[in-house]
């Protein structure tokens, strides 16, 4: 789970499906475009629009030190 702040807009995240086997086990990488109290909007791959994603299903692509 992530808890984004304004500084995290533009940061890479990985979507991990909540159900094992929902995908091939690999997460899908995307970029945070905005968020609110309940949903993080992420643009995945070559998509032109962001998709609302539950923050519990996201993890940072590159942990900051």
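Values (1) 0.94; (2) 0.90; (3) 1.01 are given for comparison; Rg/Rh (Cα atoms, Kirkwood Rh), derived from the coordinates here, is the one labelled (1).
Among 29-39, 46-56, how do they line up from the highest to the lowest mean number of other beta-carbon atoms within 10 Å?
Going from most to least packed, we get 29-39, 46-56.
Of all DSSP beta bridges confined to the chain, the antiparallel ones make up roughly 100%. Put a dot 7 Å past the Cα of residue 46, heading toward its Cβ, do the same for residue 3, and the two dots end up 3.8 nm apart.
Full extension from residue 29 to residue 12: what is 0.36 nm times the residue separation minus their Cα-Cα distance, to one decimal in nm? Working shown, then result.
On the way: separation 17, 0.36 × 17 = 6.12 nm, distance 0.68 nm.
This chain segment gains 5.4 nm when fully extended.
As a length-normalised measure over Cα pairs under 8 Å and 6 or more apart, the relative contact order of the chain settles at 37 percent.
None of the figures in this text is laboratory data; all of them are computed from the coordinates on show. Bear in mind that the values here come from a model prediction, so they are computed numbers and not experimental data. For neighbour counting, all protein chains shown are included, and Cβ atoms are generated from backbone atoms with ideal geometry for every residue, glycine included.
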